[in-house]
Amino acid sequence: MKALILAAGFGTRLLPFTENLPKPLFPIAGRPLLDIIIHALQQAGCKAIIINTHHLHQQIDDFIASQEYTIPVLTRHEPVILGTGGAIKNVADFWDDSPLMVVNSDIITDIDLKNVYAFHLKHPHPVTLVLHDDPEFNTVSIDDKGLIKGFLDLSFTSAPSLKPAFNSENLRLEEKKKNHKDQACGNEARTLAFTGIHVVNPEILDLIPDKEFSSIIDVYTQLISSTGRICAFISKNCYWKDIGTPQRYQETVFEKMAPRAFQQAFQGPLNNNIHCRQIKGDGSDRNWYRLYSKNRSLVMVDHGIRPKSITSEADAFVLIGRHLYDKDIPVPRIYLADTFSGLVFLQDLGDTNFQNFIQNTENPHRVVSSYKAVIDLLLKQSVYGAQGFDPAWTYQTEKYSRDLILDKECRYFVEAFLNKYLGMDFHFENLKDDFMCLADNALEFAVNGFMHRDMQSRNIMVQNNQFYFIDFQGGRSGPIQYDLASLLIDPYVELPYPVQKQLYDYCVEKLSALIHIDPERFSIGYKFCAVTRNLQILGAFGYLSRIKGKSYFEKYIPKAVRSLKHNLANFKNSELPNLRAVVDKCSNS
């Protein structure tokens with residue numbers, strides 16, 4: 001048996017994700033789909049494989065060249081796409097006298113290809129199509145003898161969508177009964193889905209025009225109309241998925257990875273009975289889900305499919321998260337991840353965050369002691385998280401830089417908060433001198449370590465009286481003072497200023513025992529970082545409220561404005577005069 005894998009398509013329904021990676025190389029649980037298909041053909045007894053290519057063909061060539069398959073695997077580039085029929089004709093020289101197995105490169109299945117080929121050899125007809133029941137794709141009509149009558153529609157022209165794959169309230173992955181009773185015919189005429197797997201005899205080549213575009217379905221229709229017969233191999237209880245849309249691709253990755261994630265997390269047998277419920281996220285565009293199986297749970301985060309071939313948010317989340325976990329920093333354990341699909345499976349830390357915990361703690365001494373415990377962990381993360389940290393893991397900037405401060409904090413404050421939220425008409429240039437002063441001093445007086453950059457109460461989870469840090473994907477090298485300021489001026493909690501001072505002093509004492517610092521310089525750096533962080537907070541609240549429609553954040557804006565005014569009061573009257581004047585206007589608006 002020889003086989004042709006059809007891999008020349010543009011992957012239009014998967015745009016924009018196929019602009020940088022051809023669809024056959026989309027990973028399923030970290031493994032390219034093309035590799036999965038090749039191994040399935042090898043196991044079925046295939047002696048040689050040829051792959052037709054067009055879009056981003058060099059990537060496929062490079063991938064094949066990097067592998068060490070036990071059988072010959074060749075590629076055949078089509079400078080102009082020839083269609084499915086034209087592709088079969090174009091590899092006529094690859095054939096021998098035996099039937100050719102043809103497989104689409106955008107399917108994943110457990111159909112036994114060896115059985116399919118053996119079935120074809122037992123009947124006299126020139127073509128076998130492998131069918132199964134999938135209501136979304138049931139377009140092939142068959143009669144009660146298991147012969148193809150016609151094709152209703154095989155265009156699959158549904159428009160691509162960027163909506164998340166898991167948008168139902170309760171998505172459930174069910175255990176299937178593994179009967180695998182394949183048959184040649186049914187009991188009555190009906191329609192079934194073409195799986196993209198077919199076996200064809202050499203005589204079919206005479207029906208395909210030479211060196212021009214041709215659809216194999218048109219050829220099959222012509223064959224049927226001229227009294228030729230095409231036999232159906234009907235596979236029951238099989239797993240089959242076409243990954244041609246973003247939703248179906250992510251669903252496939254989920255179905256393959258979720259059982260394995262539970263197996264890794266809880267060291268039990270593979271179990272496919274999994275419930276999936278969406279849980280409320282916060283300010284990001286990621287989607288969060290809680291997965292349940294046998295009274296156990298995991299959390300899955302969907303970052304979305306990677307649009308470009310650069311480090312993505314999902315990459316940073318996994319790489320930084322695993323680094324911190326290995327450093328014994330309290331972060332959720334990541335069990336399984338496929339960063340191209342954007343799906344990451346991790347430890348479930350429950351629903352109680354530090355904001356809830358503090359607001360439900362009436363004893364002020366316990367509030368302070370809890371914050372001290374978090375500061376201990378923050379310093380551990382800052383100092384030890386910096387050790388062995390690779391800047392290549394970051395997806396925004398490698399470090400807290402002047403450009404980042406000016407753009408993502410100062411300009412963000414002006415555009416998203418002052419102008420979009422408050423309706424003012426300020427220009428960044430009018431405050432540029434003050435912003436430059438902020439940026440330069442925040443960096444000059446920095447005590448650098450691993451910087452979380454969003455160390456606030458909603459990014460700290462509480463489980464069994466233990467504290468855990470989440471949302472670390474924005475981590476980079478930067479001032480320890482910034483994370484401390486993020487924690488202490490956090491508007492979700494609004495700690496009293498004397499408590500902030502008490503906790504600041506505690507942090508300086510504890511940090512001095514870990515590394516050498518100049519307390520005076522640390523204090524100056526903290527003062528500037530508290531303002532830059534405050535600007536970022538207000539920019540984010542303005543953006544989330546006005547642009548993203550998340551009005552929940554509006555109630556924290558007055559608290560953040562009060563905090564900014566208080567932090568600016570720590571400067572001399574001659575320092576940051578324009579920014580102080582703007583903030584006074586905000587307080588009065």
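Among 47-53, 314-320, sorting by the average number of other beta carbon atoms lying within 10 angstrom of each residue, highest first, gives 314-320, 47-53.
A helix-only calculation puts the chain at -11000 deg cm²/dmol for mean residue ellipticity at 222 nm, using -39500 (n - 2.57) for each DSSP H run of at least four residues, averaged over all residues. Averaged over residues, the count of other Cβ atoms within 10 Å places the peptides 440-447, 125-132, 560-567 in the sequence 125-132, 560-567, 440-447, highest first. The residues HIS303, HIS275, HIS323, when put in order of fewest to most other Cβ atoms within 10 Å, stand as HIS275, HIS323, HIS303.
Computed from phi, the 3J(HN,Hα) profile of region 402-411 under the Karplus parametrisation 6.51, -1.76, 1.60 (θ = phi - 60°) reads 4, 4, 4, 4, 5, 8, 8, 10, 6, 5 Hz, with x in place of Gly and Pro. Nearest 10 degrees is fine. How inclined is helix 216-225 to the longest principal axis of the chain, computing both from alpha carbons? Relative to the chain, helix 216-225 is tipped by roughly 30 degrees. Distance from the Cα centre of region 87-115 to that of region 389-448, in angstrom? Cα centres, region 87-115 to region 389-448: 56 Å.
For the pair region 23-74 and region 526-553, the centres of their Cα atoms are 48 angstrom apart.
What you get for region 246-347, charging only the Cβ of Lys and Arg (+1) and of Asp and Glu (-1), is a dipole of about 280 debye around the Cα centre. With just the Cα atoms defining each centre, how far is region 235-258 from region 456-477? Give it in Å. What the calculation gives is 33 Å, centre to centre. Helix 497-514 and the longest principal axis of the Cα set of the chain meet at an angle near 70°. Cross-link partners for LYS2 among the aspartates and glutamates, with Cα-Cα distance under 14 Å and sequence neighbours closer than 8 places in the same chain left out: ASP93, ASP96, ASP97. Under the rule a/c < 1.5 gives rounded, and otherwise a/b versus b/c splits prolate from oblate, where does region 246-347 land using the Cα gyration tensor? Verdict is oblate for region 246-347. Normalising the average separation of contacting C-alpha pairs (under 8 angstrom, six or more residues apart) by the number of residues puts the relative contact order of the chain at 12 percent. Dipole of the chain computed with +1 at Lys/Arg Cβ and -1 at Asp/Glu Cβ about the Cα centre; of ASN237, ASN138, GLN347, farthest Cα towards the positive end is GLN347. Each Cα pair under 8 Å and six or more residues apart adds its sequence gap; the mean of these over the residue count of region 288-371 is a relative contact order of 27 percent. How tilted is helix 246-266 with respect to the longest principal axis of the chain? Cα atoms for both, answer in degrees (0 to 90, nearest 10). Between the helix axis and the principal axis of the chain, the angle is about 70 degrees.
The structure shown yields Rg/Rh (Cα atoms, Kirkwood Rh), and of the options (1) 0.96; (2) 1.09; (3) 0.99 that calculated value carries the label (2).
In the structure shown, do any of LYS122/LYS241; LYS408/LYS585; LYS23/LYS145 have a Cα-Cα gap over 30 Å, and if so which? Don't jump to the answer; show the numbers that get you there.
Working: LYS122/LYS241 27 Å; LYS408/LYS585 22 Å; LYS23/LYS145 36 Å.
Over 30 Å apart, Cα to Cα: LYS23/LYS145.
Only Cα pairs under 8 Å and 6+ residues apart enter the sum, and on that basis the relative contact order of region 354-588 stands at 26 percent. Amide H contacts for ILE230 (H built 1.01 Å from N in the peptide plane; partners 5 or more residues away or on another chain; cut-off under 5 Å): ILE148.
We did not get these values from a lab; they are worked out from the coordinates using the rules stated. All figures in this text were calculated on a predicted structure; none of them were measured in a lab. Note that we place each Cβ from the backbone using ideal geometry, even for glycine, and neighbour counts take in every protein chain shown.
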